[in-house]
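Asker: Here it is, the structure, as structure tokens.
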Amino acid sequence: MAYTPADAKGNMESLIDGLQEKFDQLFLRSQKPGLSFEDKTQITTEMAKVNQDLFHRRITAAFDEASATIIREPSATEVKNLQATLQLMGKDINSIATISAVIKFAEDVMTANAQRFSDILKTITL
């Protein structure tokens, strides 16, 4: 079974939940009366590390979620066009029709990539 983006998202959410739980436990531990200065310092240091990791993971998850709408799998048409082009390239490419098909496919790929780049750029500048 293939690892899917949904699996990655679920794993990231589990990791974030676990880090939040660890932070909450450390906080409760830091509130116990009678802790020495060294114990409080150690707990506070660990809380800072967990909080930093939690912040980083949340930002990474937000970035992954935001980029999911832009970075997409190739469409069925794109796959079909690539297959047809590769089949044509395996044959004799001295006919004008074959050369035109290969050039058209390359132009379509370049146009699609330019559009994706434009979409990404719009999300960055907004």
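The values are calculated or read from the model by the stated rules, or taken from the named source; none is laboratory data. Just so it is clear, the structure is predicted and the values come from calculations on it, not from any experiment. Cβ: placed from backbone, ideal geometry, glycine included. Neighbour counts: every protein chain shown.
Asker: When the residues of the stretch 8-39 are filtered to those that are free of Cβ contacts under 8 Å to residues at least 24 places away in the same chain and either of a type in the set (S, T, N, Q) or not assigned by TED's automatic domain parsing to the domain that holds residue 54 (or both), which remaining residue is surrounded by the most Cβ atoms within 10 Å (Cβ to Cβ)? Please lay out each step first, then the result.
Answerer: As a first pass, look at the stretch 8-39 and keep what is free of Cβ contacts under 8 Å to residues at least 24 places away in the same chain: 10-11, 14, 17-18, 21, 24-25, 27-39.
Still in the running and either of a type in the set (S, T, N, Q) or not assigned by TED's automatic domain parsing to the domain that holds residue 54 (or both): 11, 14, 25, 30-31, 36.
Details: 11: 11, 14: 10, 25: 12, 30: 15, 31: 10, 36: 8.
Checked the stretch 8-39; the qualifying residue surrounded by the most Cβ atoms within 10 Å (Cβ to Cβ) is 30.
Asker: Could you tell me which numbered condition residue 96 fails, if it satisfies all but one of (1) within 30 Å of residue 7 (Cα to Cα); (2) at pLDDT below 70; (3) out of contact with any helix residue (DSSP H, G or I) (no Cβ under 7 Å at 6 or more places or on another chain)?
Answerer: (1)
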